[in-house]
Amino acid sequence: MNTINKFFRWYFSRNALPYWAVLAFDTFVVLFSGLVCYALDHGPSSTTKVFWPLLGTLCFYLLFFIIGFRVTRIYSGVLRYSSFADLYRIGVANLIGIVSVVVLRWFFHADAVFVPIRTKELVFMGILATAIMASARVMVKFLYEHVLDNAALKPAFIYGVRTGGIALAKGLRLANPIRFSLKGFVSDADDMAGHTLQGVRVYKNDEHLLERMKKMNVSVLLVSPLKRDRLVENQEFVNSLLDAGINIYFNDIAQKWDGKSDLNASQLREVQIEDLLPRDEIQVDLKAVEDLLRDKVILITGSAGSIGSEMVRQISKFKPARMVLVDEAETPQHDIRLMMARNYPGVPAETIVTSITNQSRMEQIFQNHRPDYVFHAAAYKHVPMMEDNPSEAVLNNIYGTRVIADLAVKYGVKKFVMISTDKAVNPTNVMGCSKRICEIYCQALNKALQEGRVQGQTQFVTTRFGNVLGSNGSVIPLFREQIKHGGPVTVTHPDIIRFFMLIPEACKLVLEAGTMGKGGEIFVFDMGKPVKIAELARRMIRLSGATNVEVQFTGLRDGEKLYEEVLNDEEITKPTFNNKIKIAQVREYDYAEASAAIDRLIEQSKAYDDMETVRQMKVIVPEYKSQHSKYEALDVAK
């Protein structure tokens, strides 16, 4: 028994048994079946007398069976993943062999040369060979799924018993490799509890569920695509699963699932924190965006950043005439260059390494490429860094934006889309205020264009949103790194909250708002429900499986708020073409006055006097009140 067990374990440790080995087994089965059927019809003694001639005859007939094997391609699959279709092909292959032999005997009188075998013996020979070959494959599949390799499979429950749950269960058995052993289903409905599906029991999602899973050593919950939103909404259930050490798995391909076919269980993956944050699905009219951007020249600043690089990917799908990608970070920009060559070889792309503050270089770029649309994502964004470097915030964020905006007007850009932040609302830090001043300049310039005080056709649109999940420097990558090194996970304050959005979702909203806007608008995005950062950290620790990582509170950083606002208290909003996008009604600035004030600010920043630079920023944005910062002294002085 140990020898047999070792053989099967050796076989299952391989990717697949060589097809010639399976062919050798099948040829033996055909010959064995022929001998058995002949012996049953003629008796053992008669069979013994003609054994060698009979074996030669069967070997000749075997050639026609091998032709059948070849025609039906019964060796194209892997034995342990055999399905009903594979068994069907075996039957067809053997039928081809029988029919070929019968035709040969009928037309060529082969019985005069070979040992005569009756037609009924040939038929029973084919039936027996098919039964043995099919049974062998079923046995191997059964041994692999239920006996020999169970120790290597993770015991799992499936959450969902309707169409999605059944499709996922079927997909588990077809997965390559098989990773999970199905032990039961979980249902929210009372009427399903106690029933049996796919050979396992359905359990009620109640207070006893985790106890049952623990008794059965079940450590994995596979989530049906139809239950994904329900699970995320039930945060208490999610927390109880994580606290119990239950790993949750989703299937990304389920987003494109047709609801009928089996789900690809090979693509099941363990959930990340991004999957468990509650948010509504975002619908964007990408067809309308595509119609506007197709065959246009698109310039993207900050193209190597988190937002900029996703903008590059999404816009490239619309087949623009040319992409002009600008970023001062050489290595990330090189990665974008390689990505474009690999994923979008049909889209002409210029990857340019320079700063948006290099006015002469930027003018050369506009002059040479004449962009139709500009998406301005380049900015310094880290709050503590800009708190210590206000002059750099002014020069890069504000002066750089003015350089790009003025060139857009000069070279006839159709639309200029600036990406702003929720930190620009009632700013409490240098970075947020610098972005608010960028908004002021773009909106004032747009109004001057509309009124004819500045000559040009460019429409300026601003988009505001909060934190994007997984962006460079955001808390999630930081927490992952801290957990990886054993902690502690640092959170600034127990009560700090933030809005979060996925990078692709944010970029889709930017595209729709930017292309559909008429100019002068500041679009704000519905960011959903705010998330408590301390709870986010604890959940990430539970997801990692770590048991000795602590959360440590370090105190609010300079300029940091406990919560972010998307709209100013004095602002009102009005609806738009998308219920996730609204237009902020903000105080408007005169272009000449705003431009003059910004000129003074830029000149002041070149002296690198932090206090005086921030003082000038507060003059332009009176609602800028510093928090947890040395610049609070300027507010007291007023």
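When the residues of segment 208-226 are narrowed to those that are outside any helix (DSSP H, G or I) and among the aliphatic types (A, V, I, L, M), which ends up most open to solvent (accessible area, probe 1.4 Å)? Quick ask: steps written out before the conclusion?
First pass over segment 208-226, keeping only residues outside any helix (DSSP H, G or I): 208, 216-224.
Restricting the remaining residues to those that are among the aliphatic types (A, V, I, L, M) gives 216, 218, 220-223.
Details: Met216: 66, Val218: 6, Val220: 0, Leu221: 1, Leu222: 0, Val223: 4 Å².
My answer is Met216.
With the requirement that a residue be crowded, with 24+ Cβ neighbours inside 10 Å and either hydroxyl-bearing (Ser, Thr, Tyr) or out of contact with any strand residue (DSSP E or B) (no Cβ under 6 Å at 6 or more places or on another chain) (or both), what does segment 400-419 give you?
Of everything in segment 400-419, those that are crowded, with 24+ Cβ neighbours inside 10 Å and either hydroxyl-bearing (Ser, Thr, Tyr) or out of contact with any strand residue (DSSP E or B) (no Cβ under 6 Å at 6 or more places or on another chain) (or both) turn out to be Gly400, Thr401.
Select, from Leu276, Leu299, the only residue that is open to solvent by less than 30 Å² (accessible area, probe 1.4 Å) and modelled with pLDDT under 75.
Within the list Leu276, Leu299, the selection yields Leu276.
Say we look at segment 227-263 and pick out the residues that are part of a loop (DSSP other than H, G, I, E, B) and among the polar types (S, T, N, Q); which of these is modelled with the highest pLDDT?
Asn234
Any idea how many residues of segment 581-610 are farther than 18 Å from Gly520 by Cβ, open to solvent by less than 50 Å² (accessible area, probe 1.4 Å) and not in a helix (DSSP H, G or I)?
0
What is the residue count in segment 105-121 for residues that are open to solvent by less than 100 Å² (accessible area, probe 1.4 Å), at pLDDT below 75 and in a loop (DSSP other than H, G, I, E, B)?
Looking only at that region, the number is 1.
Would you check which residues across segment 335-389 are assigned to a loop (DSSP other than H, G, I, E, B) and aromatic (Phe, Trp, Tyr) and list them?
If the condition is that a residue be assigned to a loop (DSSP other than H, G, I, E, B) and aromatic (Phe, Trp, Tyr), then Tyr344, Tyr380 are the ones that fit.
Can you report the number of residues in segment 187-206 which are among the charged types (D, E, K, R) and either in contact with a Ser or Thr (Cβ under 9 Å, 6 or more places away or on another chain) or surrounded by 21 or more Cβ atoms within 10 Å (Cβ to Cβ) (or both)? Show your work before the answer.
Let us first name the residues in segment 187-206 that are among the charged types (D, E, K, R), namely 188, 190-191, 201, 204, 206.
Adding the requirement that they be either in contact with a Ser or Thr (Cβ under 9 Å, 6 or more places away or on another chain) or surrounded by 21 or more Cβ atoms within 10 Å (Cβ to Cβ) (or both) leaves 204.
Within segment 187-206, residues that are among the charged types (D, E, K, R) and either in contact with a Ser or Thr (Cβ under 9 Å, 6 or more places away or on another chain) or surrounded by 21 or more Cβ atoms within 10 Å (Cβ to Cβ) (or both) number 1.
What tally of residues in segment 611-629 results from selecting those that are part of a loop (DSSP other than H, G, I, E, B) and of a type in the set (D, E, K, R)?
Residues meeting the conditions: 2.
Any idea how many residues of segment 615-637 are open to solvent by 10 Å² or more (accessible area, probe 1.4 Å) and under 14 Å from Arg600 (Cα atoms)?
Qualifying residue count for the region: 4.
Among the residues of segment 303-334, which ones are small (Gly, Ala, Ser), outside any helix (DSSP H, G or I) and either open to solvent by 10 Å² or more (accessible area, probe 1.4 Å) or in contact with a His (Cβ under 7 Å, 6 or more places away or on another chain) (or both)? It would help to see each step written out before you state the result.
First, the residues of segment 303-334 that are small (Gly, Ala, Ser): 303-306, 308-309, 316, 321, 329.
If we keep only those that are outside any helix (DSSP H, G or I) as well, we get 303-305, 321, 329.
Within segment 303-334, Ala304, Gly305, Ala321, Ala329 meet the criteria.
Is it the case, given these coordinates, that Gln283 is outside any loop (DSSP other than H, G, I, E, B), of a type outside the set (D, E, K, R) and in contact (Cβ under 8 Å) with a residue 60 or more places away in the chain?
no
Can we say Asp372 is out of contact with any Gly (no Cβ under 8 Å at 6 or more places or on another chain) and farther than 21 Å from Val510 by Cα?
On the way: out of contact with any Gly (no Cβ under 8 Å at 6 or more places or on another chain): yes; farther than 21 Å from Val510 by Cα: no.
The answer is no for Asp372.
Give just the number: which of (1) in contact with a strand residue (DSSP E or B) (Cβ under 9 Å, 6 or more places away or on another chain); (2) buried (at least 19 other Cβ atoms within 10 Å of the Cβ) does Tyr344 not satisfy?
Only one criterion in (1) in contact with a strand residue (DSSP E or B) (Cβ under 9 Å, 6 or more places away or on another chain); (2) buried (at least 19 other Cβ atoms within 10 Å of the Cβ) is unmet by Tyr344, namely (2).
Within the bounds of segment 523-542, is there any residue that is more than 24 Å from the chain's Cα centre (by Cα) and open to solvent by 10 Å² or more (accessible area, probe 1.4 Å)?
Looking for residues that are more than 24 Å from the chain's Cα centre (by Cα) and open to solvent by 10 Å² or more (accessible area, probe 1.4 Å), one finds none in segment 523-542, hence no.
Determine whether Lys381 is modelled with pLDDT of 95 or more and within 35 Å of the chain's Cα centre (by Cα).
No.
Hey, Leu338 hits all of (1) in contact with a helix residue (DSSP H, G or I) (Cβ under 9 Å, 6 or more places away or on another chain); (2) surrounded by fewer than 17 Cβ atoms within 10 Å (Cβ to Cβ) but one; which does it fall short on?
All conditions are met except number (1).
Can you give me the ranges of the strands (runs of 3 or more DSSP E) entirely in segment 443-549 with at least 2 residues that are touching a Phe, Trp or Tyr at 6+ places or on another chain (Cβ under 7 Å) and touching a residue at least 24 places away in the same chain (Cβ under 8 Å)?
Strands (runs of 3 or more DSSP E) meeting the threshold: 459-464, 467-469, 489-491.
The values are calculated or read from the model by the stated rules, or taken from the named source; none is laboratory data. Remember, it's a predicted structure, so these values are computed and weren't measured experimentally. Using ideal geometry, Cβ is built from the backbone for each residue, glycine included, and neighbour counts are taken over all protein chains shown. Side chains are part of the model used for accessible areas, which takes the heavy atoms of the whole protein and leaves out ligands, DNA and RNA. Shrake-Rupley method; radii C 1.70, N 1.55, O 1.52, S 1.80 Å.
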